[in-house]
Amino acid sequence: MRVGTVKEIMRHEYRVGLTPDSVRAYVREGHEVYVEAGAGEGAGYSDSEYLAADAVIVPDAAAVFGLCDMVVKVKQPLPEEYPLLRPDRILFTYLHLAASRDLTDAMLAARVTGVGYETIEDHKGGLPCLLPMSQIAGRLSVQEGAKYLERPFGGRGVLLGGAPGAPRGKVAILGGGTVGINAARIALGLGADVTVLDVDPGRLSELEDRFDGRATTLLSTDEHISFVLREADLVIGAVLVRGAAAPRLVRHAHLPFMKAGAVSVDVASDQGGCCETSRVTFHDDPVFLVEGIVHYCVSNIPGAVPRTSTQALNAATLRYGLKIAALGLDGACAADAGLARGVNMRAGELTHEAVRSWYESDT
């Protein structure tokens, strides 16, 4: 199979779909790999490293899409890339279709096959290709939130760990999944007062054990959400609904009752956001104010640490890409039911149930 990767064009997205080591793995199995010139520079990989791995360097993304049977990316296509999509190509990347009907319509019209990292499942029902980015996003969410709590950035001027004679900052985490667990880990490490909310009582029990009771756990209800929002210095939106838009847990009406200068970090912004007032931002202009609340809504948070993120992403996705390249998509899906659940669309039809349900309800 001819496999390729391109330079990401989202603002301040520095990750790349294939590392030189991943290229070597494909080449060892007899596949041809094409890399757009400069594709890996943001993550610290030079064209010479790809050449040493036996990749073919091509001048632009059009060449990669034109030559390759499967294009491995990091982020979903942007409008400038829609004309490159073709019905006989596999696009292997994060898709997050529920965040954009325009993207979904464009991919359906192009009849491209879209395999989304975020819906591939392992034998336990986990999301192995989403896991590493969720871990990084959760950890960075607190790091970024702590920074924007500083007064020069518009925040309340609160140090999460407090100081002798001063109370610790309060962190509310909406969602006890991978993002929430990693956010809680970092927030507790900084010495913050942490509360995690989740809809699953069993998950709350797990969190109690995981953090030895150091974090407060609450069932995610409207009443509890309103309570923690009033108290919080930093709110982390960490809710995931597989293949669908994130639920809007924080409403505009909540904001006037929050502390002036509190920070909302909406990790779910790539799935539409779990805060009603969220809108996608970028690393070069990451925050905005609504009702005195600092909103951080960068949709590619792990892109801030592209070397780490690219390596972690490739470690998770490579085996699935190699399986597709070796067996073809039909053979790979027959051999791996979890990979089959990563197929979001094919031949102009939505094939993932949750994505299809969202699309039909949004019509």
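Filter region 90-101 down to residues that are assigned to a loop (DSSP other than H, G, I, E, B) and within 21 Å of residue 340 (Cβ to Cβ) and give me whichever is modelled with the lowest pLDDT.
If we take residues in region 90-101 being assigned to a loop (DSSP other than H, G, I, E, B) and within 21 Å of residue 340 (Cβ to Cβ), then 96 is modelled with the lowest pLDDT.
Please list, ordered by residue number, the helices (runs of 4 or more DSSP H) wholly in region 2-89 having 3 or more residues that are under 25 Å from the mean Cα position of the chain (by Cα) and on the phi < 0 side of the Ramachandran plot. Don't jump to the end; show me each part of the working.
Numbers: elements: 20-28, 47-52, 61-67.
By residue number, 20-28, 61-67.
If I go through region 97-127 residue by residue, how many of them are of a type outside the set (Gly, Ala, Ser) and crowded, with 17+ Cβ neighbours inside 10 Å?
First, the residues of region 97-127 that are of a type outside the set (Gly, Ala, Ser): 97, 101-105, 107-108, 111-113, 115, 117-124, 127.
The next check asks that each one be crowded, with 17+ Cβ neighbours inside 10 Å; those that pass are 97, 103-104, 107-108, 112-113, 115, 117-121, 127.
Selection size over region 97-127: 14.
Any residue in region 123-134 that is under 11 Å from residue 302 (Cα atoms) sitting within a Cβ distance under 7 Å of a residue that is of a type in the set (Val, Ile, Thr)? List the pairs, counting only those 6 or more apart or interchain.
134/178; 134/179
Quick one: which of 278, 264 is part of a loop (DSSP other than H, G, I, E, B) and either touching a Cys at 6+ places or on another chain (Cβ under 8 Å) or among the small types (Gly, Ala, Ser) (or both)? Talk me through it step by step, then tell me what you get.
Values: 264 fails: part of a loop (DSSP other than H, G, I, E, B).
Matching residue, one of 278, 264: 278.
Are there any helices (runs of 4 or more DSSP H) wholly within region 164-241 with 2 or more residues that are in the same structural domain as residue 144 (by TED's automatic domain parsing), crowded, with 21+ Cβ neighbours inside 10 Å and in contact with a helix residue (DSSP H, G or I) (Cβ under 8 Å, 6 or more places away or on another chain), and if so which?
Numbers: elements: 178-189, 201-210, 222-231.
By residue number, 178-189.
Which one of 307, 356, 346, 248 is closer than 27 Å to residue 231 by Cα, among the basic types (Lys, Arg) and out of contact with any Phe, Trp or Tyr (no Cβ under 6 Å at 6 or more places or on another chain)? Please lay out each step first, then the result.
Details: 307 fails: closer than 27 Å to residue 231 by Cα; 356 fails: closer than 27 Å to residue 231 by Cα; 346 fails: closer than 27 Å to residue 231 by Cα.
Step by step, each of 307, 356, 346, 248 is checked, and only 248 is closer than 27 Å to residue 231 by Cα, among the basic types (Lys, Arg) and out of contact with any Phe, Trp or Tyr (no Cβ under 6 Å at 6 or more places or on another chain).
Which of the residues spanning region 106-148 are at pLDDT below 95, assigned to a helix (DSSP H, G or I) and either more than 12 Å from the chain's Cα centre (by Cα) or farther than 28 Å from residue 337 by Cβ (or both)?
Of everything in region 106-148, nothing turns out to be at pLDDT below 95, assigned to a helix (DSSP H, G or I) and either more than 12 Å from the chain's Cα centre (by Cα) or farther than 28 Å from residue 337 by Cβ (or both).
Filter region 53-73 down to residues that are of a type in the set (A, V, I, L, M) and out of contact with any helix residue (DSSP H, G or I) (no Cβ under 7 Å at 6 or more places or on another chain) and give me whichever is surrounded by the most Cβ atoms within 10 Å (Cβ to Cβ). Spell out the reasoning first.
At the first step, the residues of region 53-73 found to be of a type in the set (A, V, I, L, M) are 53, 55-58, 61-64, 67, 70-72.
When the remaining residues are screened for being out of contact with any helix residue (DSSP H, G or I) (no Cβ under 7 Å at 6 or more places or on another chain), the result is 56, 63-64, 67.
Working: 56: 16, 63: 18, 64: 26, 67: 15.
So the residue we want is 64.
Being closer than 18 Å to residue 264 by Cα and touching a residue at least 12 places away in the same chain (Cβ under 8 Å) is the requirement here; does residue 153 meet it?
On the way: closer than 18 Å to residue 264 by Cα: yes; touching a residue at least 12 places away in the same chain (Cβ under 8 Å): yes.
Yes: the conditions hold for residue 153.
Among the residues of region 166-183, which ones are in contact (Cβ under 8 Å) with a residue 40 or more places away in the chain and among the small types (Gly, Ala, Ser)? Spell out the reasoning first.
Of the residues in region 166-183, the ones in contact (Cβ under 8 Å) with a residue 40 or more places away in the chain are 169-183.
Across region 166-183, the qualifying residues are 169, 172, 175, 176, 177, 180, 183.
So that you can scan it fast, the table gives a plain yes or no per residue for (1) touching a residue at least 24 places away in the same chain (Cβ under 8 Å); (2) under 20 Å from residue 281 (Cβ atoms):
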| residue | (1), (2) |
| --- | --- |
| 201 | no, no |
| 204 | yes, no |
| 210 | yes, no |
| 221 | no, no |
| 229 | yes, no |
| 238 | yes, yes |
| 252 | yes, yes |
| 265 | yes, yes |
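Taking region 5-52 as the search range and keeping residues that are acidic (Asp, Glu) and closer than 19 Å to residue 117 by Cβ, which one is surrounded by the fewest Cβ atoms within 10 Å (Cβ to Cβ)? Don't jump to the end; show me each part of the working.
Within region 5-52, the first condition is being acidic (Asp, Glu), and the residues that meet it are 8, 13, 21, 29, 32, 36, 41, 47, 49.
Then drop every residue that is not closer than 19 Å to residue 117 by Cβ, which leaves 8, 13, 21.
Values: 8: 26, 13: 22, 21: 14.
It comes out as 21.
The values are calculated or read from the model by the stated rules, or taken from the named source; none is laboratory data. What you see is a predicted model, and the numbers here were worked out from it, not measured in a lab. Neighbour counts are summed over all protein chains in view; Cβ atoms, including those assigned to glycine, are modelled from backbone coordinates with ideal geometry.
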